[in-house]
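Scroll down for the structure; my scribbles are underneath it.
No lab work stands behind these numbers, since they all come straight from the coordinates. Treat the numbers as computed from the prediction; the structure is a model and nothing was measured. Methodologically, a virtual Cβ is constructed for each residue, glycine included, from the backbone with ideal geometry; neighbour enumeration extends over all protein chains shown.
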Protein chains: 4
Amino acid sequence: MRVLMIGDIMGEVGRSALSTYLPRLKRTHQPDAIIVNGENAADDGRGITRGIAREFFGAGIDGITLGNHTWDKREIFDFIDDEPRMIRPANYPEGAPGASVAKLSLSRGELTVISLMGRTFLANLDCPFRKADEILKSLGKTGPILVDFHAETTSEKQALSWYLDGRVSAVIGTHTHVQTADERILPGGTAFLSDVGMTGPYDSVLGMEREIVIKRFLTQLPVRFEVAEGRVQLNGVLLDFDSSGKARGIKRIRIDDDQPWFE
Amino acid sequence: MRVLMIGDIMGEVGRSALSTYLPRLKRTHQPDAIIVNGENAADDGRGITRGIAREFFGAGIDGITLGNHTWDKREIFDFIDDEPRMIRPANYPEGAPGASVAKLSLSRGELTVISLMGRTFLANLDCPFRKADEILKSLGKTGPILVDFHAETTSEKQALSWYLDGRVSAVIGTHTHVQTADERILPGGTAFLSDVGMTGPYDSVLGMEREIVIKRFLTQLPVRFEVAEGRVQLNGVLLDFDSSGKARGIKRIRIDDDQPWFE
Amino acid sequence: MRVLMIGDIMGEVGRSALSTYLPRLKRTHQPDAIIVNGENAADDGRGITRGIAREFFGAGIDGITLGNHTWDKREIFDFIDDEPRMIRPANYPEGAPGASVAKLSLSRGELTVISLMGRTFLANLDCPFRKADEILKSLGKTGPILVDFHAETTSEKQALSWYLDGRVSAVIGTHTHVQTADERILPGGTAFLSDVGMTGPYDSVLGMEREIVIKRFLTQLPVRFEVAEGRVQLNGVLLDFDSSGKARGIKRIRIDDDQPWFE
Amino acid sequence: MRVLMIGDIMGEVGRSALSTYLPRLKRTHQPDAIIVNGENAADDGRGITRGIAREFFGAGIDGITLGNHTWDKREIFDFIDDEPRMIRPANYPEGAPGASVAKLSLSRGELTVISLMGRTFLANLDCPFRKADEILKSLGKTGPILVDFHAETTSEKQALSWYLDGRVSAVIGTHTHVQTADERILPGGTAFLSDVGMTGPYDSVLGMEREIVIKRFLTQLPVRFEVAEGRVQLNGVLLDFDSSGKARGIKRIRIDDDQPWFE
Ligand SMILES: [Fe+2]
Ligand SMILES: [Fe+2]
Ligand SMILES: [Fe+2]
Ligand SMILES: [Fe+2]
Ligand SMILES: [Fe+2]
Ligand SMILES: [Fe+2]
Ligand SMILES: [Fe+2]
Ligand SMILES: [Fe+2]
């Protein structure tokens, strides 16, 4: 089974980049499933709307993972419970709306997608390590499992990947909006990448207008961040799992003006 | 001018990896200067000793940048003032020992190396943005300038790179111990990489024994971190600057069992 | 000289409590100057408006100190530069609007009021210790000096008080919204209180509706904090300075239904 | 039932202050139970030893609560499981050694003491709110319950007190080492004080040598904190519970040279 995962889609610019490249990515790589992180897909980069989620599913996206920005748009509370393919971090306290484990039925079998969120410098959630144990135990025997670990620090990401090595097919980090170059398959058969990166404005700070972010660092005064405009980037990762759920391949995808798409 | 920068050398394992690969890297890439981040070079991964600094200089390293671990070994206070090629973050409050700007005389000219440290989630230092302004003003006209920006978050790293674009030759991040895949040359001619990564144990969490780090996350009890053993990795970046100090090339170097060295 | 300082006025409830008790406090204590912290005086507890500032000055308040909420209402940028009696933390980076040192001319002499803000768990400002040195040097010989130190941690507050002992008349903490019981005069003659407390809703969490705050802790989901209603509290401190600027007395004031006002 | 709770005993100076004042406090107030927070009781202010615990119990202390410094002395792991009157925060992940709920049999009935720890700016523990629910459910019908809530922020402390109002006899905060002046009995009958304060050196920063702490803030360089010497302070609180477990009285105790003991 081949899975294409695409990192945090950032605003209208990010959605447009996705529209541009998705057909080519499908044609070239023939993925069995496409997962995107959608926590920044709304126009202002904060959260996601029902309309945008539908747009993604309509374009052939199989699952949308989320993160700390899950709840930024109030309307999420109105529709997340209706949509089992939207996957919010599982370690929010019990009772949070929405699904955090999705079983996606694909032509080549079933893919389980789990979202977890780190705590270091991020939020006082339940322990992602023990929550992962709990989910895996409840799942029982299953096909390939992809974990989106939405976390700030490299230590928490690497630690979880080793903790889950051999028990899931892949641990792919999101949240920092910068793709890392540490893709590998751990000894137990779990593919790992600390962060898949962001899809959106290329000349920006994490997708935001750079002059505004610089002003914030320089003055420490409040600013209103805005999604940047201009050139785009797309960041993703291509994962190959065998029938036993072991990872057989992991390949980063980076598309921007410095690393343009060639077919 | 070609500069090879190698990321945080971690303990004895990291120093050994450096010894193994440095001759080949020199032979293949013929760098005019070699800079390493040495904040984790001591045996326990915390700080650096005089002996290790001498070992690095003896092996042809031209400058050693540091970071938040600069002061971990008490002996640093005895020798850092004698060694202008050891470069600690410039934005420690005035009066801190050691140099933070080094002018290295090379056969192909002079390279200025500056160390700065981020504040977000890290330490209450002086503003790295304004400190950079101050240093650049004091430097006046100069040749290529390499900035090691030791910081936790991708936002602070990207923001500083845009802030310094066109004013320095490169901004290379350190501290997260994970190489990022976002190398580029910004429009003004400044090469940028969010993090160059770590040199040390490959099967580890940031260089530390992984079972201990996992135990820490699981139990939240104190543990004694130890540098891991076993297979190694080396992470670096190769930078080309023209005579005006503009970056002309940036190329990541990653060596480990999954991406082995081929000559 | 006798100074009455009243802690963070919280929303309409806090302003109303101030109106209720201020005449009695004046009558009973006959202060030469009244200073309030106004960073939460707007209706929603975030920032302050021009109208509210005028209301305070009209009621006989001599100076309004601020804090991390200084900039919450956008209109502050339109009027803070016109009002030298509004005092924002001095250790914002140079160029921030507004005054941070006020020299108030009183019938019994001049009182200098300085605002500083802590950094620990709060904001990446300039060093408050060195900024205090700089201000005190620039002031030269002067009458009594009151420092409002807006900070989160008891360690930073106590450390600054010892650092300034003998150099200012008082260091009074704000920001935690809870009055501390550690009032004292340090050996050098500086009065100190870690936090003066908050003026506003008594049955609340720091002034906010308690059910909403509890929901936030329980669910970790976003909530919209609202200023609480109902019973009120007023917290302040009464300071006596001699002609040399030394503190001669410090007395906490706490008014609420459990410690009601008796004339 | 009358309970005397004494705040974080800091090093040898704190233990000595306790020895000095405990007999007088017993004689004057005739408490049925005495609880101390012992997380800083070791000579260097970090953790507690078996010998010191025995010394406390020998002096008539009925229970020792702990906090984030529980584990600082390695020997704690050797004896905490043998001592049901040592009470560490209950919301460490399951499997942590030691008791977190103590049922103390007193001449006037049974007192249950629970330790919980905050998460904000402190540690990634389990949710203290839900852990409290769980403990209270498991306890069933019981006599008075005292909760030591070891936390950094006033918001988390106030929120928990409201959450538990009517379900426990008292929520008393520790950790900031500064006594707050907000003692009250909430409408449901739960006594509350944000922080009981510290017992140890009076002329110090949280018990530590003040020049060292100031140096740390000024230089941001590593320092070795040392427990201060000289004059002492004792901070505590006196609680009266009726037979139904409701609080009937709460009175702060502060003893130092500015508020000396009078019999
Ligand atoms: Fe994101
Ligand atoms: Fe995120
Ligand atoms: Fe490092
Ligand atoms: Fe570092
Ligand atoms: Fe406030
Ligand atoms: Fe504040
Ligand atoms: Fe303590
Ligand atoms: Fe503590």
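Observations, loosely collected:
- Tensor-based shape of segment D:124-263 (alpha-carbon gyration tensor, a/c under 1.5 rounded, otherwise prolate or oblate): oblate
- Shielding value for A:151-161 is 6, the average number of Cβ atoms from other chains within 10 Å of each residue's Cβ.
- Positive-pole candidate from A:Gly14, A:Ile35, A:Val3, dipole of segment A:1-90, charges at beta carbon: A:Val3
- Label-point distances for B:Gly249 to the equivalent site in the other copies, using a point 7 angstrom along Cα→C-beta, read 2.9, 7.9, 8.4 nm when ranked shortest first.
- Karplus-derived HN-Hα couplings along segment A:196-208 (A = 6.51, B = -1.76, C = 1.60, θ = phi - 60°), whole Hz, x at Gly and Pro: 7, x, 10, 10, x, x, 7, 9, 7, 10, 6, x, 9
- Three-way shape label, segment B:1-46, alpha-carbon gyration tensor, a/c 1.5: oblate
- Each of A:Thr153, D:Thr28 was scored by other Cβ atoms within 10 Å of its Cβ. Arranged with the fewest first, they read D:Thr28, A:Thr153.
- Label point 7 Å beyond Cα along the C-beta direction, distances from C:Leu221 to other copies (nm, shortest first): 3.6, 3.7, 5.1
- Pairwise centroid distance, computed over Cα atoms, of segment D:111-158 with segment A:76-99, Å: 28
- Relative to one another, the C-alpha centroids of segment A:191-221 and segment C:209-263 are positioned 39 Å apart.
- Overall form of segment A:187-237 per C-alpha gyration tensor (a/c, 1.5; a/b vs b/c): oblate
- Taken about its Cα centre, chain D carries a charge dipole of roughly 600 debye when the Cβ of each Lys and Arg holds +1 and the Cβ of each Asp and Glu holds -1.
- With R₀ set to 56 Å, the beta-carbon distance separating A:Asp78 from D:Gln30 gives a calculated FRET efficiency near 0.40.
- Expressed per residue, the C-alpha convex hull volume of segment A:60-144 stands at 110 Å³.
- Most mobile of C:Ile52, C:Ile214, C:Ile145 in a GNM of chain C (Cα contacts under 10 Å): C:Ile214
- In nm, spacing of pseudo-spin labels at B:Lys141 and D:Thr49 (7 Å Cα→C-beta vector): 6.8
- For segment C:10-163, the fraction of C-alpha pairs farther apart than 24 angstrom is 33 percent.
- Burial ordering of A:Asp258, B:Asp257, fewest other beta-carbon atoms within 10 Å first: B:Asp257, A:Asp258
- For the protein assembly as shown, the Cβ-based charge dipole about the Cα centre amounts to some 0 debye (Lys, Arg positive; Asp, Glu negative; other atoms uncharged).
- Square roots of five times the Cα gyration tensor eigenvalues for segment A:135-215, Å: 30, 12, 11
- GluC sites (Glu not before Pro) restricted to DSSP loop in segment A:33-111 with at most 14 other C-beta within 10 Å: A:Glu75, A:Glu94
- All-pairs Cα distance distribution in chain A, expressed in whole percent, bin size 5 Å: 1, 6, 14, 19, 21, 18, 12, 6, 2, 1, 0
- Over segment D:1-99, the ratio between the Cα radius of gyration and 2.2 N^0.38 Å evaluates to 1.04.
- Label-point distances for C:Arg54 to the equivalent site in the other copies, using a point 7 angstrom along Cα→C-beta, read 4.9, 7.4, 7.4 nm when ranked shortest first.
- Phi-derived couplings, Karplus 6.51 cos²θ - 1.76 cosθ + 1.60 at θ = phi - 60°, listed residue by residue for segment B:168-181: 9, 7, 7, 10, 10, x, 9, 3, 7, 6, 10, 5, 9, 10 Hz, with x used for Gly and Pro.
- Where chain A is rotated onto chain C, the residue of A whose Cβ comes nearest the axis, and that gap in whole Å, is A:Phe121, 6.
- Pairs exceeding a 31 Å alpha-carbon distance, out of C:Lys73/D:Lys251; A:Lys157/B:Lys103; A:Lys103/D:Lys157; A:Lys157/C:Lys73; A:Lys131/A:Lys251; B:Lys157/C:Lys131: C:Lys73/D:Lys251; A:Lys157/B:Lys103; A:Lys103/D:Lys157; A:Lys157/C:Lys73.
- Unit charges on C-beta of K, R, D, E only; dipole of segment A:52-102, Debye: 120
- Loop-exposed trypsin sites (Lys or Arg not before Pro) per DSSP, neighbour cap 12 Cβ within 10 angstrom, longest uninterrupted part of chain D: D:142-223
- Applied to segment B:90-105, the Karplus parametrisation 6.51 cos²θ - 1.76 cosθ + 1.60 on θ = phi - 60° returns per-residue 3J(HN,Hα) values of 6, 9, 5, x, 3, x, 5, x, x, 8, 10, 9, 10, 9, 9, 8 Hz, with x for Gly and Pro.
- Counts of other chain beta carbons within 10 angstrom of each beta carbon in peptide B:126-132 average 4.
- Backbone N under 19 Å from the B:Ser243 label point (7 Å along Cα→Cβ), restricted to segment B:118-144: B:141-144
- Normalised convex hull volume, the protein assembly as shown, alpha-carbon set, Å³ per residue: 168
- Restraint check, B:Lys26/B:Lys246; A:Lys137/C:Lys215; A:Lys141/C:Lys215, Cα-Cα greater than 27 Å: A:Lys137/C:Lys215; A:Lys141/C:Lys215
- For segment A:13-133, the residue among A:Gly95, A:Ser107, A:Pro23 whose Cα projects farthest onto the positive side of the dipole built from Cβ charges is A:Pro23.
- Proximity of backbone amide H atoms, modeled 1.01 Å from N, is registered between B:Gly249 and B:Asp240 at under 5 Å, excluding neighbours fewer than 5 places apart on the same chain.
- Residue order, fewest to most beta carbons within 10 Å, for D:Val178, D:Val13: D:Val13, D:Val178
- Part-to-part distance (alpha-carbon centres) for segment A:10-65 and segment D:11-75, which is given in Å: 59
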